[in-house]
Amino acid sequence: MTTAPRTDPAPPAGPAAEDQAPLDLAGVGAGPAGLSLAALADSHRGLRAAWFEQRPAFSWHPGLLIEGTTLQVPFLADLVTLADPASPWSYLSYLREQGRLFPFYFAETFHIERTDYDAYCRWAGERLASVRFGRRVESVSWDRARELFELTVCPVEGAAGPRAVHARAVALSLGSTPHVPEVLRPAVGAPAGGAPVVHSAEYLVHRERLLAADHVTVVGSGQSGAEVFLDLLRHRPAGAERLHWLTRSPAFAPMEYSKLGLEHFTPDYTRYYHALPETTRDALTARQWQLHKAVDHETLAEIHGELLGRAQRSGWPDAVLTPGVAVRAADRRGDGALDLRLVHAEQESAATLTTGAVVLATGYRDTPLEPLLGDLAGAVRRDTAGRPLVTDDYRLELAEGVTGRVFVAGGERHTHGVGTPDLGLMAHRSATVLNQLLDERPYPLPARTAFTTFGLRQAPAAPREAPAPPVD
């Protein structure tokens, strides 16, 4: 069913956009999830679709593209392969165009560097005719008279004003934003002469200043915190590292990466999780932190190896790694340093740590839908905690008066589980969405994806569909 990439552009978001025929699908956001949907949709000439992204070009966590860091998922978790292995938008197609297919083959590498994944997605974004960078969607509303969604799209640069784009369906891929705990928000910033407090998302922007600080504290023990700590450790002088790594978690724990453990990131588990009661899902998510908030085994081994090597060559390194610690406040001193007020839950003890810089590896939060949806947000059905209800096929549950469909890619962890942000489920989700929009249902979704049977009562399996004939 795969065809060559499209060269005919979708309707522009320009002055005459409101006069164009409505789109079948309008996408908001062109991060990996949005690009995945755009790449799979590209093969279907009859689908009128466009994606709008406010950034001028694709960029994936630029502050964390540390040299040598790799994806935590295999390269097969690209934009398309797990739904359409023959797609011209696969990572292997990218390598072939770059002339690197044979070197990659000989390297026998399953986990690629993040910088290369970023370059691959940028390659796709620049070539997909349906993706419009530098276009900010200000609002999405429902036009009851026309039974269409109306998107107000504004060029980020230039004198052109906002224009209306109409669509029968909308796909929201809003991504996430860096999270800073409330108690630390007053200290965030990088004042001249004062200790910088930055989120790990901006680590590389401030790296030189952090390396020059007399003491650095990393807060948070997920993968980002581990990579930042390792990078600082490698670049600070032996015997004078002056580093602290603190986390509320009970241990610097390894990611659950056993083969059967990874089956929590399959469509089978997603269906099982979605069918559970809301309170059960919430309790499960809290217990499953080692599936998505812990650290890759190799990174932990590299940290230990670096510490061991320094201990052998120069004596015990000046690096303190302490789990079970919460930061309750950060107070700026007159000399520009910071006093971090710490509490250790198990010891029921408190202490103050003076530091010259802080990196907050405190994770991300899903970007809320409400500011974008405006009045339409009132039509979204919600659970008892006020979160949007999302069907098993990734549609927002909407009031009866809204007959159009709004799909979400991100922001559905509370209904779909820990696999929601995982790159390995991205193409499957995109295929699920497109199967609802295209009459031929072009993507045969596997009826079973895990050896594990989750639960005694089986969640409904995906229908086994016959492959559609090739699109001419």
Members of the stretch 177-222 that are part of a strand (DSSP E or B) and in contact (Cβ under 8 Å) with a residue 40 or more places away in the chain:
T177, P178, V197, V198, H199, V216, T217, V218, V219
Selection count, the stretch 374-405, where residues are part of a helix (DSSP H, G or I) and either of a type in the set (S, T, Y) or open to solvent by 60 Å² or more (accessible area, probe 1.4 Å) (or both)
2
Considering only the stretch 146-162, how many residues are modelled with pLDDT under 95 and open to solvent by 40 Å² or more (accessible area, probe 1.4 Å)?
6
Boolean, T285 is open to solvent by less than 20 Å² (accessible area, probe 1.4 Å), within 22 Å of the chain's Cα centre (by Cα) and either closer than 15 Å to L233 by Cβ or touching a residue at least 40 places away in the same chain (Cβ under 8 Å) (or both):
no
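So that you can scan it fast, the table gives a plain yes or no per residue for (1) under 21 Å from S176 (Cα atoms); (2) among the acidic types (D, E); (3) out of contact with any strand residue (DSSP E or B) (no Cβ under 7 Å at 6 or more places or on another chain):
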residue	(1), (2), (3)
A41	no, no, no
A49	no, no, no
Q72	yes, no, yes
F75	no, no, yes
L79	yes, no, yes
L95	no, no, yes
Q98	no, no, yes
When you check F52 against the structure, is it aromatic (F, W, Y), surrounded by 14 or more Cβ atoms within 10 Å (Cβ to Cβ) and within 15 Å of the chain's Cα centre (by Cα), yes or no?
no
Say whether the condition of being open to solvent by 20 Å² or more (accessible area, probe 1.4 Å), touching a residue at least 12 places away in the same chain (Cβ under 8 Å), touching a helix residue (DSSP H, G or I) at 6+ places or on another chain (Cβ under 9 Å) and not in a loop (DSSP other than H, G, I, E, B) is met by at least one residue in the stretch 343-360.
no
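Residue-by-condition table, conditions (1) touching a Phe, Trp or Tyr at 6+ places or on another chain (Cβ under 6 Å); (2) surrounded by fewer than 15 Cβ atoms within 10 Å (Cβ to Cβ); (3) not assigned by the TED database to the domain that holds E138:
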| residue | (1), (2), (3) |
| --- | --- |
| E67 | no, yes, no |
| F75 | yes, no, no |
| S93 | no, no, no |
| G99 | no, yes, no |
| A107 | no, yes, no |
| Y117 | no, no, no |
Go through (1) free of Cβ contacts under 8 Å to residues at least 40 places away in the same chain; (2) farther than 30 Å from G455 by Cα; (3) of a type in the set (V, I, T) for V320 and report which single condition fails.
(1)
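Here's the yes/no breakdown for (1) hydrophobic (A, V, I, L, M, F, W, C); (2) touching a Ser or Thr at 6+ places or on another chain (Cβ under 8 Å); (3) assigned to a helix (DSSP H, G or I):
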residue	(1), (2), (3)
F104	yes, no, yes
T109	no, no, no
A119	yes, no, yes
A124	yes, no, yes
V137	yes, yes, no
Name the residue, out of E306, E241, E302, that is surrounded by 17 or more Cβ atoms within 10 Å (Cβ to Cβ) and assigned to a loop (DSSP other than H, G, I, E, B).
E241
Kindly check whether there is at least one residue in the stretch 164-173 that is of a type outside the set (S, T, N, Q), at pLDDT below 95 and more than 28 Å from R332 (Cβ to Cβ).
no
I'm checking my understanding of the structure. Among residues of the stretch 406-439 that are over 24 Å from S87 (Cβ atoms) and in contact with a Lys or Arg (Cβ under 8 Å, 6 or more places away or on another chain), which one is surrounded by the fewest Cβ atoms within 10 Å (Cβ to Cβ)?
H414
Residue match in the stretch 253-260 (condition: open to solvent by 40 Å² or more (accessible area, probe 1.4 Å), in contact with a Phe, Trp or Tyr (Cβ under 8 Å, 6 or more places away or on another chain), more than 30 Å from H215 (Cα to Cα) and not in a loop (DSSP other than H, G, I, E, B))
no
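The values are calculated or read from the model by the stated rules, or taken from the named source; none is laboratory data. All values derive from a computational prediction rather than experimental measurement. Quick reminder, even Gly has a Cβ in these numbers, built from the backbone with ideal geometry, and neighbours come from all protein chains shown. In case anyone asks, the SASA skips ligands and DNA or RNA and just uses the protein heavy atoms, side chains included. Shrake-Rupley method; radii C 1.70, N 1.55, O 1.52, S 1.80 Å.
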